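Notes for the one structure printed next.
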Amino acid sequence: MNIRSPIGQTVFLLFLSCIIGFSSNLFSSNSIPWIAPELTVVEEIDTTTDEAVLVAISLEQAKSFFDDGILFVDARDEGYYEAGHIQGAMRNSFLMELIFNIEERQGKDVPLVVYCGDPGCGDSEQLAYDLKDSGFTKLYVFKGGWVEWSGAAYPSQVD
């Protein structure tokens, strides 16, 4: 490719920008991780702490949160939500609409449980990271999701 053409110069500048960006991240003391760390299920949960929380929880912990009236958000698509979801769970919609709907019900510093279809589904973790980036500070990811919840015959509903 001819570097003297406008397209060649654009490609060269993009390539140079990427190299500079990756290099500065690599040598920075506060670098951005290349891959998000995998969430692991915690043994004990302290919902009274003022620190930001983003952790995974077990089925028993999720049921305890449900019994305490904590809001659940279903990260699955609308069709899966309508086929069955945790009773009272909020449906995932566009992120900004979801944030607005959550904020109508509670503040950003109140515990919130996000779940998906099954342990292999990554949508709940992705949504939790998006909510964290939007200012939510007490996020709990129920990794067992709808499969574990419905298998335990816990309260659910169909829309």
Single residue of the range 89-112 satisfying the filter (surrounded by 13 or more Cβ atoms within 10 Å (Cβ to Cβ) and in a helix (DSSP H, G or I)) that is nearest to the chain's Cα centre (by Cα) | LEU95
Across the range 30-42, which residue is surrounded by the fewest Cβ atoms within 10 Å (Cβ to Cβ) among those that are within 20 Å of the chain's Cα centre (by Cα) and without any contact (Cβ under 8 Å) to a residue 40 or more places away in the chain?
-> ILE35
Some residue of the range 21-34 being in a helix (DSSP H, G or I), outside the structural domain of TYR140 (by TED's automatic domain parsing) and among the aliphatic types (A, V, I, L, M) | yes
Which ones in the range 114-143 are polar (S, T, N, Q) and either in a helix (DSSP H, G or I) or in contact (Cβ under 8 Å) with a residue 40 or more places away in the chain (or both)?
-> SER124, GLN126, THR137
Among the residues of the range 1-52, how many are at pLDDT 85 or above and of a type in the set (Asp, Glu)?
-> 1
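For the subset of the range 64-73 comprising residues that are out of contact with any Gly (no Cβ under 9 Å at 6 or more places or on another chain) and surrounded by 18 or more Cβ atoms within 10 Å (Cβ to Cβ), which member is farthest from GLY88 (Cα to Cα)? Before you say what the answer is, go through the steps one by one.
Taking the range 64-73 as the starting set, the residues that turn out to be out of contact with any Gly (no Cβ under 9 Å at 6 or more places or on another chain) are 64-65, 67-68, 70, 73.
Now restrict to residues that are surrounded by 18 or more Cβ atoms within 10 Å (Cβ to Cβ): 65, 70, 73.
Values: PHE65: 12, ILE70: 10, VAL73: 9 Å.
Looking at the filtered set, the residue picked out is PHE65.
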Could you run through the range 78-88 and say how many residues are assigned to a loop (DSSP other than H, G, I, E, B) and on the phi < 0 side of the Ramachandran plot?
-> 1
The listed residue being without any contact (Cβ under 8 Å) to a residue 12 or more places away in the chain and under 24 Å from ASP46 (Cβ atoms), out of GLY79, GLY107, GLY151 = GLY107
For residues that are loosely packed, with under 14 Cβ neighbours inside 10 Å and under 17 Å from LEU54 (Cβ atoms), tally how many sit in the range 123-153.
-> 2
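If only one of SER150, SER156, SER124 is at pLDDT 90 or above, among the small types (Gly, Ala, Ser) and under 12 Å from the mean Cα position of the chain (by Cα), which one is it? Spell out the reasoning first.
Numbers: SER150 fails: under 12 Å from the mean Cα position of the chain (by Cα); SER156 fails: under 12 Å from the mean Cα position of the chain (by Cα).
Answer to the check: SER124.
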Of all the residues that make up the range 1-20, how many are surrounded by fewer than 10 Cβ atoms within 10 Å (Cβ to Cβ) and either in a helix (DSSP H, G or I) or touching a residue at least 12 places away in the same chain (Cβ under 8 Å) (or both)?
-> 1
With respect to VAL55, is the statement that it is modelled with pLDDT of 95 or more, surrounded by 12 or more Cβ atoms within 10 Å (Cβ to Cβ) and either of a type outside the set (Lys, Arg) or part of a strand (DSSP E or B) (or both) true?
-> no
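The values are calculated or read from the model by the stated rules, or taken from the named source; none is laboratory data. Since the model is a prediction, treat every value here as computed from it, not as a measurement. Please note: Cβ atoms are built from the backbone with ideal geometry, for glycine as well, and neighbour counts cover all protein chains shown.
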